[in-house]
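S.K.: The structure that follows is given in the form of structure tokens.
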């Protein structure tokens, strides 16, 4: 059955490709016949001339010169001269074409029988952007020939923002790509969304491809090893990756060597980091008053209502250490104790070179980052070698090898900062002898955060060894065969130790855990490429692919409690009193793929791309393993039309449209199979192990499928000083993978099915301008990106909303659904408050349906974590030896979930609290409720956490100075560049929390809660560096 399915696809695809290839051949033969017929015309003339470059006057070889409206033409020789014979008498218009140059035309060429007409043509070079060679997946294309939506980021742009994370360096540089940080700890990553989020429960991360090989992630890749990054956004560009292309594709090309002298580059920088802001917590005196007011509310503070405090009331309420601090005016700022000055240091060496046949690039480096929180740091060591060699004129082989080792020490992680925020400011961290106090107060929920720093270990290390091998054999001038093999082996280990004196153990015995993950993966591609040109009008590129990919992952875990001594940490877990967690897991999957792509160009004016990919996955059940993902794209280069060329305004003006289908392969292996779950039963008053139904099998499960329409306009004007693009897209995703609730009477509570649909629509604008070009040596370039994306749920199971999961038809995938905060009940509203079972000083929420009570029916959709629009601006100034660059990004009109408004503002008086303007009988505030000692959180307290998170952030400012040809003693440097960079120096926002970017959430329901965030402050970085080139 499977074989028939593949056979059914292949004939139709083969016929289509065959017609695309043969049609230009037939046209070419007809043209040749016409030329042969012209050679016997008795009365003809000749057109001869020279093609030169307009700016330099140098002759241009291999230019194709044709007579428009005829089949006559010739190619210029090495001296730029051409001759077209057997031309009938008349007046003609000549057209000259050469890659990298604008199309030249010469009108009014008069041909007389028996004579030679002179016609010299001058060509102007195209702007560099149009000549750029872009990696499009399984091949390359010249920028002007691309029919899909593809954005590029060059190595020079990546270097201007020295970041730890590779993908974070492209933030704000690509329209339609939304990148936010996922945490502020050293080594934390970023979250990337290409044209929004499509899936509700499956993944929305893009596919990463490094040097042609799909990669699980690129967080460990050294940013300085990258030559370029291409982001494939529309279905025409991503359909070649089939079941993995729905969320976009990020193609990364690493640095290669080049022919010429061997170059040696040393790059080093050191930077200091400080927190951008802190959470505004109460000091000792403010907290003391909060505790008084909270206890006064419940009658536990015995002091006259007319005074804020009295000694008799304090003596009964406060602990001795608190009283001592109040009397001495002492206050402990716990944030000061856990925060420190961070540091980021990077050293790299790169060697590259080669000759006409052999090229190599070798790099090695080390990056260390000391976090701004005590006990946190990150180290990355990397080594990479790229090697290419031309064995002969037909065969080229090459390889790359990479070794990356990362070590991330997190301690308690974000919990250290949270512990510091909630600790009592009237307590002290050390005793009179200078010893650390594990319990600054008798409160069972609070410990000294410095004790967690010393006794809580969370060490994460990863070793990744990856490599590629390729052989490219040119079967003929038009046909080549390439074989790619890529493999990687990764080993990830996490060791956790929690000592007795930590928040989790509260003085009891220590525990430890160890998790090991080992992954082996490989990809084998066979690629056949045909590039054929017929005459001057037709070009056909055909790419055929057969690919297999396989991955195997093993997981082991071990956890124990009751360690005999703490120095062993997690290195001798078996010695513990109780080994309570032991597990192992094996996951394997494979993917088999066939792909065909045809690029056809008519007169370099009309461009057509047809792509089809067939993917077969081991993750799915028989009968559903294979799926077809087709796409079509058309582009019209309006700038090549006569009516546009006469304006002499646009170097390139291209209108393109595409439609195609891609899939989301984010289905975990074995999801189509059922499972059993081990449980403990009571058997004759004894515990006995048994099994019960776990998951219900669904052999009909298949990929989520996205059909995407894209219409775009690309332009380059004023000799390349103005360029940009505008794109509109609509992506409809169906067959969403979701769990449907079922009656538990059959032994199961849910089943995984393909149900539901979503839609993403958006607009992207990218603009590059050079306002000043060589004005007294000054050049100013400006890049602007703007995009908007709107997603909504089209359908759910049964056509009804899922209120429990906050899924609403017609609304975005993620929303905040809660009661609406309208203020604080005031004394004059006592009667009305009583109707709602509330009191003055409590939080007041809206009675949406007006039924005189507050219940679940009064909850409303308050907002969404998705921004209405995002934008960025990048400016670069070059003047003589100086360079200055500035980059700013913006995310506007989205709702942020500020957990500090609830977690650090309990209004109980037991823990420290945010500085708030809270309600009291003598101070009737309308922003914060009355403190109450007998409640953990105020009623409807969660409604305080929703805020507008809009912000504008200056991402980076870099000032550099380059000295060419430095000679000193034995050193002879080609250039030395000094630079100073400020990362994230300024943030403009009305958000009251730490950082709205860290509080924007994940946008995915697969995370543990949505719009949650790390409780670690963001930081500014000021670094200085030097780059030496020899």
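The values are calculated or read from the model by the stated rules, or taken from the named source; none is laboratory data. In this text the structure is predicted, and so the values were computed from the model without any measurement. Cβ atoms come from the backbone with ideal geometry, glycine included; neighbour counts cover every protein chain shown.
S.K.: Looking at region 487-501, which of its residues are over 23 Å from the mean Cα position of the chain (by Cα) and either buried (at least 18 other Cβ atoms within 10 Å of the Cβ) or more than 15 Å from residue 518 (Cβ to Cβ) (or both)?
M.R.: Residues satisfying the conditions are 494, 495, 496, 497, 498, 499, 500, 501.
S.K.: It is to be established whether one or more residues within region 143-151 are touching a strand residue (DSSP E or B) at 6+ places or on another chain (Cβ under 9 Å), surrounded by fewer than 22 Cβ atoms within 10 Å (Cβ to Cβ) and closer than 30 Å to residue 634 by Cα.
M.R.: yes
S.K.: A further question follows. I'm trying to understand the selection: among the residues of region 317-369, which are within 30 Å of residue 301 (Cα to Cα) and without any contact (Cβ under 8 Å) to a residue 60 or more places away in the chain?
M.R.: Answer for region 317-369, where residues must be within 30 Å of residue 301 (Cα to Cα) and without any contact (Cβ under 8 Å) to a residue 60 or more places away in the chain: 317, 320, 323, 324, 327, 328, 329.
S.K.: If you don't mind, there's one more thing I want to ask. Do any strands (runs of 3 or more DSSP E) entirely within region 64-124 hold 2 or more residues that are closer than 14 Å to residue 603 by Cβ, and if so, which?
M.R.: Those strands (runs of 3 or more DSSP E) span 64-67, 90-97.
S.K.: Hey, another quick one. With respect to the numbered conditions (1) touching a helix residue (DSSP H, G or I) at 6+ places or on another chain (Cβ under 7 Å); (2) at positive phi, which one is the sole condition not fulfilled by residue 899?
M.R.: Residue 899 satisfies every listed condition except (2).
S.K.: Quick check on this structure: which one of 426, 421, 436 is touching a helix residue (DSSP H, G or I) at 6+ places or on another chain (Cβ under 9 Å) and surrounded by fewer than 20 Cβ atoms within 10 Å (Cβ to Cβ)?
M.R.: 436
S.K.: Every residue in region 102-119 that is surrounded by fewer than 20 Cβ atoms within 10 Å (Cβ to Cβ) and within 51 Å of the chain's Cα centre (by Cα), please.
M.R.: Within region 102-119, 103, 105, 106, 107 qualify.
S.K.: Out of everything in region 921-933 that is surrounded by fewer than 16 Cβ atoms within 10 Å (Cβ to Cβ) and in contact with a helix residue (DSSP H, G or I) (Cβ under 8 Å, 6 or more places away or on another chain), what residue ends up being farthest from residue 280 (Cα to Cα)?
M.R.: 921
S.K.: Also, quick follow-up: Among the residues of region 684-703, write down those that are buried (at least 16 other Cβ atoms within 10 Å of the Cβ) and in contact with a helix residue (DSSP H, G or I) (Cβ under 9 Å, 6 or more places away or on another chain).
M.R.: Passing the criteria: 696, 703.
S.K.: Determine which member of the set 601, 590, 596 is part of a strand (DSSP E or B) and free of Cβ contacts under 8 Å to residues at least 60 places away in the same chain.
M.R.: Sole residue among the options that is part of a strand (DSSP E or B) and free of Cβ contacts under 8 Å to residues at least 60 places away in the same chain: 590.
S.K.: Further question on the same structure: Any chance region 887-903 includes a residue that's buried (at least 20 other Cβ atoms within 10 Å of the Cβ) and without any contact (Cβ under 8 Å) to a residue 60 or more places away in the chain?
M.R.: No, region 887-903 contains no residue that is buried (at least 20 other Cβ atoms within 10 Å of the Cβ) and without any contact (Cβ under 8 Å) to a residue 60 or more places away in the chain.
S.K.: I would also like to ask the following. Just one of the numbered conditions (1) on the phi < 0 side of the Ramachandran plot; (2) in contact with a strand residue (DSSP E or B) (Cβ under 7 Å, 6 or more places away or on another chain); (3) surrounded by fewer than 21 Cβ atoms within 10 Å (Cβ to Cβ); (4) modelled with pLDDT of 90 or more is not true of residue 1030; which one?
M.R.: Condition not satisfied by residue 1030: (4).
S.K.: Can you report the number of residues in region 807-835 which are without any contact (Cβ under 8 Å) to a residue 24 or more places away in the chain and either surrounded by fewer than 16 Cβ atoms within 10 Å (Cβ to Cβ) or under 28 Å from the mean Cα position of the chain (by Cα) (or both)?
M.R.: Going through region 807-835 one residue at a time, the tally reaches 8.
S.K.: Being assigned to a strand (DSSP E or B) and in contact with a strand residue (DSSP E or B) (Cβ under 7 Å, 6 or more places away or on another chain), is that true of even one residue in region 440-452?
M.R.: No: zero hits.
S.K.: Now for a different question. Does residue 739 fit the bill of being assigned to a loop (DSSP other than H, G, I, E, B), outside the structural domain of residue 143 (by TED's automatic domain parsing), touching a residue at least 12 places away in the same chain (Cβ under 8 Å) and over 18 Å from residue 238 (Cβ atoms)?
M.R.: no
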